[in-house]
1. Residue check: is residue 106 farther than 25 Å from residue 207 by Cβ, out of contact with any strand residue (DSSP E or B) (no Cβ under 9 Å at 6 or more places or on another chain) and without any contact (Cβ under 8 Å) to a residue 24 or more places away in the chain?
2. Among helices (runs of 4 or more DSSP H) lying entirely in segment 1-86, which contain 3 or more residues that are touching a helix residue (DSSP H, G or I) at 6+ places or on another chain (Cβ under 8 Å), free of Cβ contacts under 8 Å to residues at least 24 places away in the same chain and not charged (D, E, K, R)?
3. I need a count of the residues in segment 25-43 that are modelled with pLDDT of 95 or more and among the charged types (D, E, K, R).
4. Of the residues 44, 79, which is under 28 Å from the mean Cα position of the chain (by Cα) and acidic (Asp, Glu)?
5. How about segment 160-204: which of its residues are in a helix (DSSP H, G or I) and of a type in the set (Lys, Arg)?
6. Taking the condition of being surrounded by fewer than 14 Cβ atoms within 10 Å (Cβ to Cβ) and assigned to a helix (DSSP H, G or I), how many residues in segment 98-139 meet it?
7. Taking segment 266-299, which residues are loosely packed, with under 12 Cβ neighbours inside 10 Å, modelled with pLDDT of 80 or more and not acidic (Asp, Glu)?
8. Taking segment 142-165 as the region of interest, how many residues are buried (at least 21 other Cβ atoms within 10 Å of the Cβ) and among the aliphatic types (A, V, I, L, M)?
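The values are calculated or read from the model by the stated rules, or taken from the named source; none is laboratory data. On a predicted model such as this, the values are computed, not experimentally measured, just so you know. Ideal geometry is used to build each Cβ from the backbone, glycine not excepted, and the neighbour counts take in all protein chains shown.
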Amino acid sequence: MLCMCHTPPIIQFNKILDSFAKMKHYSTAVSLSHRLELKGIQPDLFTLNILINCFCHMGQITFNFSILAKILKRGYHPDTITFTTLINGLCLKGQVNKALHFHDKLLAQGFQLNQVSYGTLINGVCKIGDTRAAIKLLRKIDGRLTKPDVVMYNTIIDALCKHQLVSKAYGLFFEMNVKGISADVVTYNTLIYGFCIVGKLKEAIGLLNKMVLKTINPNVRTYNILVDALCKEGKVKEAKNFLAVTLKACVKYFIGWDLLDESLSMLSKMEDNGCKANAVTFEIIISALFEKDENDKVEKLLHEMIARGLL
C-alpha cells in the first residue's frame, strides 16, 4: 500500500493498525504508524485513538497524553473513545486517583462522558478496593445526562460482595429495581455468591427462586456457586440435585453452540457422577443428532431410554 502510486486514504491504513491492536500486537501497530508519518500520511482521530489504546496496554501513559496534545493541536475534537481509553490506561497502570482527577478536569472543561467511560472508571476504583468512592461516583453520575446502567451496578455489587459487604450490595440491588434498571444473570450470580460466602444459604436460594420468577435463566455458574456452598454446609443430597441441573445446563449450552461431541462427553460425565439423565436431557441430544444425520447414535440413545423406561 505504501509503494502504490496513488496512496490509499488513511482509513484503509487504520483498518490494518486496528487489526494489529486487536491481536495485541501493540508495538507493531505503533511502529507501522511511524512509517506512515515518515511517508507523509497524516493520522486522523481514529488513528490517534488506536495509538492511545496501544500505549495504554504497553503501560506508556506519558505518550498517551502527548497524543492527546497532538489531537488538540491538529484541531481534532477528542471523543468519548479518546477519553475512555485514557481513563482505562491510567486505571490499568494503577493510577486511579489520576483517572478521577482527569475525569473531574474533563467535566470542568465541558466534555461529556458516556456509560462506557463511567463503567471503566468505576471498575478501576473497585479494583483498588475503594467501594465507597465507587458508590460516590455512581451518585455523581446519577445527576448528569449519562445515567447509571446495569454494568456499573454489577461492578460495585461484585466488589462489595468480595469484601463481604453483602447487605450494602443487596441495598444497591434494591435501588436498581426502584430506578427501573433490570438486573441480569450476572447481578444475581454475584449476590448469590455473596450470600453463600457469608453463610446465608437460605437467602441465596431465595434469589435463585426470584431469578426464575423474573424469567432470568440461571446459568452454569449459578448452580456451581450453590453446589459449592451446599457441599461446604454438608448438604450433599441437595448439592447432588443442583449438580444434576448444572450438568444438564451444560449439555444444552454445548448443543446451542453446535458442540455435539462436548455434549455427549458431558452426558457421559453426568452418568459417571451418578446423575442419571432424564427424558428431557436425552431429547435435547437426540434432536441435535437427527440434524447431523447421526442415526446410529440416535438409535443407541433410544435403546438406552427404553432400557431405563424413559419413553
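1. Working: farther than 25 Å from residue 207 by Cβ: yes; out of contact with any strand residue (DSSP E or B) (no Cβ under 9 Å at 6 or more places or on another chain): yes; without any contact (Cβ under 8 Å) to a residue 24 or more places away in the chain: yes.
Taking the combined requirement at face value, the residue satisfies it.
2. Working: elements: 10-22, 26-38, 45-57, 61-73.
Of the helices (runs of 4 or more DSSP H) lying wholly inside segment 1-86, those with at least 3 residues that are touching a helix residue (DSSP H, G or I) at 6+ places or on another chain (Cβ under 8 Å), free of Cβ contacts under 8 Å to residues at least 24 places away in the same chain and not charged (D, E, K, R) span 26-38, 61-73.
3. Summing the residues that are modelled with pLDDT of 95 or more and among the charged types (D, E, K, R) in segment 25-43 gives 0.
4. Details: 44 fails: under 28 Å from the mean Cα position of the chain (by Cα).
Being under 28 Å from the mean Cα position of the chain (by Cα) and acidic (Asp, Glu) holds for just one of 44, 79, which is 79.
5. Within segment 160-204, the first condition is being in a helix (DSSP H, G or I), and the residues that meet it are 160-162, 166-178, 185-197, 201-204.
Across segment 160-204, the qualifying residues are 162, 168, 202.
6. Taking segment 98-139 first, the residues surrounded by fewer than 14 Cβ atoms within 10 Å (Cβ to Cβ) are 101, 104-105, 107-110, 112, 129, 132, 136, 139.
Going one step further and asking which of them are assigned to a helix (DSSP H, G or I), we end up with 101, 104-105, 107-108, 132, 136, 139.
Number of matching residues: 8.
7. 295 - this is the single residue of segment 266-299 that is loosely packed, with under 12 Cβ neighbours inside 10 Å, modelled with pLDDT of 80 or more and not acidic (Asp, Glu).
8. Number of matching residues: 5.
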